[in-house]
Amino acid sequence: MGVRVDEQATHTAVLVVVPAAEPVVGTLRDELDPSARQGVPAHVTVLFPFVPARAVDDGTVATLRRAVRDVAPFSFRLDAVGWFGDDYVWLAPNPPEPFAELTERTARAFPDHPPYEGEHEPVPHLTVGYRRHSSLAALRAAAEQLAPSLPITAEVDRVHLLAGSFDVGSWHVVAEAPLLGDASVTPTRTR
């Protein structure tokens, strides 16, 4: 039964899906982040863009699973509102290190697909909205609305491979990669 990617999918992403954040950010993301309308749930990005949708196969999924399996499941809190300039409002995960480790491991396993195409250093975050699709006033209002609802606590025991396009409702989970590491062992990070 191999991995199945919808023929209409044009992109893929490796994400940590954060269902615990949906009650707080869902409505705001629907208004301020077009990826929410496309079917991308609240998440912290591990690697985007990932492998082209038509190239995803069982080997891709197996490599992804090997890349992240030694990371231990972890808990985190979304406990602060952050900004990238005046363009993006987001929630900061604490601690950020497990997300950075997932990105490092995945990028190392897929060297032809650097995070954000190598345009900038990845910073773990859960995007709420950005100015290209809304106003600065709307982003500021969202930030003010979010602050009293924090922290949001969540557990991570897997990453998700999603595929989709820019069409409404097109994104879906293609595969999951469980985190199987021993939580009693402190992970080592390489730079």
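The values are calculated or read from the model by the stated rules, or taken from the named source; none is laboratory data. Only a predicted model underlies this, so the values are computations on that prediction, with no experimental measurement involved. In this analysis, Cβ positions are derived from the backbone assuming ideal geometry, glycine residues included, and neighbour counts consider all displayed protein chains.
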Of the residues in segment 101-122, those that are touching a residue at least 40 places away in the same chain (Cβ under 8 Å) and surrounded by 16 or more Cβ atoms within 10 Å (Cβ to Cβ) come to Glu101, Leu102, Thr103, Glu104, Thr106, Ala107, Ala109, Phe110, His113, Pro115, Pro122
Close pairs (7 angstrom Cβ cut-off, 6 or more residues apart or separate chains): of a type in the set (Lys, Arg) in segment 10-39, surrounded by fewer than 21 Cβ atoms within 10 Å (Cβ to Cβ) anywhere | Arg37/Asp30; Arg37/Val168
The number of residues in segment 66-97 that are farther than 30 Å from Ser135 by Cα and touching a Leu at 6+ places or on another chain (Cβ under 9 Å) is 8
Result of the Cβ filter at 7 Å on segment 68-88, keeping first residues that are farther than 21 Å from Ala20 by Cβ and aromatic (Phe, Trp, Tyr) and partners that are surrounded by fewer than 18 Cβ atoms within 10 Å (Cβ to Cβ) and at pLDDT 95 or above, at least 6 apart or interchain, is none
Residue by residue through segment 151-179, note down the ones that are among the aliphatic types (A, V, I, L, M) and surrounded by 15 or more Cβ atoms within 10 Å (Cβ to Cβ).
-> Ile152, Ala154, Val156, Val159, Leu161, Leu162, Ala163, Val174, Ala175, Ala177, Leu179
Checking Thr127 against (1) out of contact with any strand residue (DSSP E or B) (no Cβ under 9 Å at 6 or more places or on another chain); (2) under 22 Å from His11 (Cα atoms), the condition it does not meet | (1)
